[in-house]
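Below is one structure, written out as structure tokens; the observations come after it.
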Amino acid sequence: MNFKDLSTLQIALGVSVVVHAALLTVRFVDPESFNKVFSDTPLEVILVNTKTNDRPDPAARLRAQTSLAGGGDLDKGRATSPLPPSSFTTVGDSFEDAQRKVDAMQAEQMQMLTQLKRDLAAMPAPDPRNAGDPAEAKAQEEKRRQMINLLAEIERRVNEENARPKKRYLSPFTREAAFATYVDSLRRRVEAQGTANFPTLAGKKLYGELTMTITVNFDGRLLSTVIDESSGQAVLDKRAQAIVASVGNFGTFTDAMRKEHADQIVIRPHFRFSHDGSVELSSQ
């Protein structure tokens, strides 16, 4: 089939698939600090309509349905977007800005997907009793085949996305009602464990700050700890990871958390090992 025979829609759809496939290798990264990301994490968050420059206080009330300091990787229900998963970067404005760009691409892609289905449905079925121009019939059938293949590729991407664990990205001080109590308990347990077992080396306490990404499974198991911003002391970084691991099981997710389709939660707290012998986790 000649390239000129392709419609603008087909060309746009083809380009879109290539671009979205390339996004699998793209990382939205804080250039100053965040150099480690998850390669298997979908970039989907729940956004709110307003924002503030003030950082939230520790969660005290559970009335809020969303949190300006929190995030998520999941809308209600199963995936409906053919967009490939992207990498998680950071909680905050840069993460929300990246999500807005992906949302715009997603909306455009969904419009194209809808139009593709309409065009396929509108195409006349081959009629062997009215062969007409053989060359034209062959070109029409090739066009149909390409559109069907493109539709199948998009649906395959959606199915792959649905098979992935659903992760929710949260601030250490999220106020989302379903997650606030659990995350606050996790943060306090890590702080208490760190203060009670303050890291030392050769009898001297280790002071410093670092940022770590913590992933917890729905059954409370710690899945991973990744140092995103080092304290500059490898020993302190490893001790911080050991402190989180030593807490043990963080507890099974509540029914409310599971109703939000959360299989795992990911938080990225900033650790501060202070000279007063305490460990504090913050949103940085």
Among residues of the range 152-189 being touching a helix residue (DSSP H, G or I) at 6+ places or on another chain (Cβ under 8 Å) and open to solvent by 30 Å² or more (accessible area, probe 1.4 Å), the residue modelled with the lowest pLDDT is Arg157
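Take residues that are among the polar types (S, T, N, Q), at negative phi and in contact (Cβ under 8 Å) with a residue 40 or more places away in the chain and tell me which of the helices (runs of 4 or more DSSP H) falling wholly in the range 180-284 contain 2 or more.
Because the criterion is at least 2 residues that are among the polar types (S, T, N, Q), at negative phi and in contact (Cβ under 8 Å) with a residue 40 or more places away in the chain, the helices (runs of 4 or more DSSP H) in the range 180-284 that meet it are 180-196.
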Sole miss for Glu160 among (1) in contact (Cβ under 8 Å) with a residue 40 or more places away in the chain; (2) out of contact with any Asp or Glu (no Cβ under 9 Å at 6 or more places or on another chain) is condition (1)
Check your understanding: If you go through the range 223-241 one residue at a time, do you hit one that is out of contact with any Asp or Glu (no Cβ under 7 Å at 6 or more places or on another chain), open to solvent by 30 Å² or more (accessible area, probe 1.4 Å) and among the hydroxyl-bearing types (Ser, Thr, Tyr)?
Key -> yes
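The values are calculated or read from the model by the stated rules, or taken from the named source; none is laboratory data. Here the structure is a predicted model, which means the values were calculated and not measured. Every residue, glycine among them, receives a Cβ derived from its backbone with ideal geometry; neighbour counts consider all protein chains shown. Remember, those area values only see protein heavy atoms, side chains included, never the ligands or the DNA or RNA. Shrake-Rupley method; radii C 1.70, N 1.55, O 1.52, S 1.80 Å.
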